[in-house]
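Trainee: I am attaching a structure below and will ask some questions about it afterwards.
Quick note: the coordinates plus some simple rules give every number you see, no bench work behind them. Values in this document were obtained by computation on a predicted structure and should not be read as measured data. Note that we place each Cβ from the backbone using ideal geometry, even for glycine, and neighbour counts take in every protein chain shown.
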Amino acid sequence: MDALTLPALHASHGGSWLREGTATRAVGKGEAITAAADTPLLLLNAPLVASRLGYPDLSGLDLLELFAFVHPARFMVPTPKGLAHALGLAEPQDDGAVPALLQQAAGSLLATCSSDAWAEREGAWTQLQTLTRLRWPWATLLSGQLRRPETAERWLFARLPEWDETAERPQPAQVDLTDAEVTERLAGLTGNEAENRPTQRDYARAAARIFAPRRREGTPHLLLSQAGTGIGKTLGYLAGASLWAQKSGGTVWVSTYTKALQRQLRRESRRAWPQTRPDGSQPVVVRKGRENYLCLLNLEDALQGGFNGRAAIMAQLVARWAGYSQDGDMIGGDLPGWLGTLFRQRGIAALTDRRGECVYAGCPHYRKCFIERAARASADADLVIANHALVMVNAARGRDHALRPTRIVFDEGHHVFEAADSTFAAELTGSEAIELRRWVIGPERGSKGRRRGLSARLADVASYDEAGGKAIAAAREAAEALPSDGWLQRLAEGAPSGPIEDLLAGVRSLVYARDESGGQEAGYGLETEAAQLPGEFVELAAQAQAALAALRQPLHRLSARLEAILADPPDWLDPQGRARIEGARHSLGWRIDLISAWEALLQRLGGPADPEFVDWLALDRSDAREFDVGLHRHYLDPMKPFAATVLEPAHGVMLTSATLKDRTGADGDDWDSAIARSGAAHVAVSPELASADSPFDYAAQAEVLIVTDVPKGDLPALAAAYGRLIEAAGGGALGLFTAIRRLRAVYGRIADRLARGGLPLYAQHVDPIDTGTLVDIFRDDHRSSLLGTDALRDGVDVPGHSLRLVVMEQVPWPKPSILHRARRAAGGGTAHDNRIIRARLAQAFGRLIRSKDDHGHFVVLSPAFPSRLLSAFPPGTPIHRLTLDEALQRIAGSVPAERTESLPHDRAE
């Protein structure tokens, strides 16, 4: 393998290095930018290099793009070390060695393309011809390596397999699992490990009881199970799930909140099920919302001219991936998370079905559709791995009873309340309303893409069925009242158009009028409660409500007409048309529900408040830019609709988490909030409660350090503290922030200094890298550190030496929103806040110790950390209040034990 001797450039916070020929030298930013502007350079992650150099127009020969072409659907951490490991090359020893690695890697990847052993050869030559016409920088170099195939090669759409229709699965048999059976199955899954784990056995037996036959309609078996980190809860509940599925022939749904746990579940499930059955079907299926999967019709549109410039190159690389993808999952699946960020736009999202415009059987790729394949596979699966939102939506809107979950394990169960709150909310905003308009009417004039209105999607109905055609025409006419392109600009200029825009303009005006921040919140969202509304605003709401009713009514008539057509099919209705109409009925149903929820929200304005709901008006802003405005309605207790739609139809439900219940201190644990947030009160079920403590020795493995001398609000002091703490730990730090502004400020002050000391620093909302990839980078380099916000508080699983320090900038107080205020009043005031904060602290602490060999420190920078919150940490964990200097000594391992007193949870001062 010969290295490619083109010039190569590497830039980090520690400096820049340029290799020309066989010599590498350190260069300044100015010279690096000049070299990049004059000559095509080998780079790794061009947007990140551009960010480091402060030169956004940087371009070159990006090794990540070449890797995505040569090895589509193959995992790689997008760092020099990750690239070396993926290609079997030696790791660079320092930044100065990276340019030589880039030359080696380029040579290796190009050599692969001329090798007979190249596993991903099929389709490459055909696609390269298109990429050459698009002037992809790598095309010329690749053309000398790829030989033209002797016969025409199958490409994307020809390579994808078709799914087959299968018979409906019978109802599961009624079986009861014995403790002995569950214990035996668990032993088989764990491989009869020598380590004695009685706690895991007890947990597995308790979990298996949710699979017992239900006693009465509407009263499922409900288990709330707290399982500390390290219990082995995944295999614990999979033991009973796999046994029940085997004996009953039924399907178990396991629901998660994070994609990381979904990936873990897929791996762990292979102990209980083979990857495929003898007939080729899958016993385990991962299901996500439609917006996660590649839409083949959107991709075809992009490949045929819908995308231009760099976006067109991205579409070609996505098409290359699609031919080798396991399941077409673009968000958290086997599409490299870094691929979309290379093209500095949201083109990835445009290739999914985010607008709900699927034409179902009318699509030429319907039989190869990733979404349809996953849905059909899940109906015949033993285990479906999904997320909380999808489980709730399927339960509420499932087209097919076979897809409605009846035996459910909610892992990360502490997030069920949050997911239900989002799922059952009503948001009448400009962005939501314009998407409804586009779904009904179709594309705006001059817009590009595959948007199709109702009349285009149901052209046969409009042509052959007079009543249906009239309903479509009436709906199209009524949808003209919804916001159209440019609505936000018109609101800012005081020139709204139509009743919905008039209402949104009224919302915007009222929110600004009631703002009491005195301009201190400039750049951030504003909100005001929907109370004491002026008469003119109530009149605008009434006019908007009438406009929505005028749209809902023809949609109702169309839905009824489609139902009649399916019940008594006309001669012109072929099987493909029938499937398309069934899909249209499903889409119509949930949009009718959406409009009805909007109408209910508007109807109550000006009248007495409904105690079941919290309503408010909001203006969404970011960095002083307005991006949405509207009215919001959330259930005061979202577990009420959750109970009606998920719990009542289910036969068995388990909520499990390491932070399900509230640790209230010396008096023990509080199950009350966990029970209230499970929905049990709304189905008259007394849940079974189970608890399993973590096997870790927290007294020996971890310390909580509460730093008391970093003044709140002092950004320079905060940044200095973060920098010194990361240096003391030698990297391996996860920094958690409650505000993006402070995260960016701290990062900007310390990143260069840390990098010069060999400690790379990455950050959400700063680095042009998706969150999942940031975590992969952090996990792969034990000297790197990562700064982030709430998404990292309990979405990170990094066992081992790579994570040995967690730093929270302050106590994670709840945001004082209108919704929070209402729930706080209903939930006991300060006690409600304390439960939230303890849960957040427990979740954050849970990132630190993930295995019995982990050790580390958990630091909170808080001069006045309330003692009532200390019970958030596991019993026995040493807790110290100390100065920053003392904390640094402890982290560096040099402070004597007697310097600070270890205090019990209930009296640390």
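Trainee: By counting other Cβ atoms within 10 Å of each Cβ, how are M330, M654, M808 ranked from fewest to most?
Mentor: If I rank by nearby Cβ atoms, fewest first, I get M808, M330, M654.
Trainee: Once you have the Cα-Cα distance between S281 and Q543, take 0.36 nm times their residue separation minus that, and quote the gain in nm to one decimal.
Mentor: Extending this stretch completely gives an extra 89.0 nm.
Trainee: Excluding residues fewer than 8 places away in the same chain, name every one of the aspartates and glutamates whose C-alpha is closer than 13 Å to that of K815.
Mentor: Within reach: E527, D790, D833.
Trainee: Set the Förster radius R0 to 45 Å, insert the Cβ-Cβ distance between R310 and R169 as r into 1/(1 + (r/R0)^6), and round the FRET efficiency to 0.05.
Mentor: Between R310 and R169 the formula returns 0.50.
Trainee: Further, regarding this structure: Please give the charge dipole size of segment 698-899, origin at the Cα centre, charges +1 on K and R Cβ atoms and -1 on D and E Cβ atoms. Round to the nearest 20 debye.
Mentor: 720
Trainee: Segment 861-890 to segment 518-586: how many Å between their Cα centroids?
Mentor: Taking the Cα centre of each part, segment 861-890 and segment 518-586 sit 52 Å apart.
Trainee: Same structure, new question: Over the alpha carbons of segment 426-635, what is the largest minus smallest coordinate on each principal axis, giving the biggest first in Å?
Mentor: The principal-axis extents, from largest down, are 67, 41, 25 Å.
Trainee: Next question. Going by how many other Cβ atoms sit within 10 Å of their own, how do H221, H801, H10 line up, fewest first?
Mentor: H801, H221, H10
Trainee: Give me W572, W616 ranked fewest to most by other Cβ atoms within 10 Å of their Cβ, as a rough exposure proxy.
Mentor: Numbers: W572 12, W616 20.
Taking fewest neighbouring Cβ atoms as first place, the list is W572, W616.
Trainee: OK, next. Relative contact order for the chain: what percent, with Cα pairs under 8 Å and sequence separation of 6 or more?
Mentor: The normalised contact order for the chain reaches 14 percent.
Trainee: Translational diffusion coefficient, Stokes-Einstein: compute it for segment 8-147 using the Kirkwood radius over C-alpha pairs as Rh, at 37 °C and 0.692 mPa s, and state it as an integer in µm² s⁻¹.
Mentor: 211
Trainee: Taking just the alpha carbons, could you work out the radius of gyration and Dmax for segment 692-774, both in angstroms?
Mentor: Over segment 692-774's Cα set, Rg and Dmax evaluate to 14.8, 45 Å.
Trainee: Taking every eigenvalue of the Cα gyration tensor of segment 95-169, multiplying by 5 and rooting it, what semi-axes result, largest first, whole Å?
Mentor: Working through the eigenvalues yields semi-axes of 33, 18, 13 Å.
Trainee: What value, in deg cm²/dmol to 500, does the helix sum -39500 (n - 2.57) over DSSP H runs of n ≥ 4 give at 222 nm once divided by the residues of the chain? Don't skip to the answer; put the middle values down first.
Mentor: On the way: 36 runs with 384 residues, N = 909.
Roughly -12500 deg cm²/dmol at 222 nm, from the helical runs in the chain.
Trainee: Kindly give the semi-axes, whole Å and largest first, of the ellipsoid equivalent to segment 698-899, taking each as the square root of 5 times a Cα gyration tensor eigenvalue.
Mentor: After diagonalising the Cα gyration tensor, the semi-axes are 25, 20, 17 Å.
Trainee: How long is the gain from S497 to A699 if the chain were fully straight, where each residue apart is worth 0.36 nm and the alpha carbon distance is subtracted?
Mentor: Working it through step by step, the gained length comes to 66.3 nm.
Trainee: Given H placed 1.01 Å from N in the peptide plane, which residues other than close sequence neighbours of T256 have an amide H under 5 Å from its amide H?
Mentor: A386, N387, H388
Trainee: What whole number of Å gives the distance from the Cα centroid of segment 604-670 to the Cα centroid of segment 766-807?
Mentor: Their Cα centres are 28 Å away from one another.
Trainee: Which entries in the list K247/K288; K233/K368; K233/K288 go over 29 Å, if you measure between the two C-alpha atoms of each?
Mentor: On the way: K247/K288 27 Å; K233/K368 36 Å; K233/K288 22 Å.
Long pairs (Cα-Cα over 29 Å): K233/K368.
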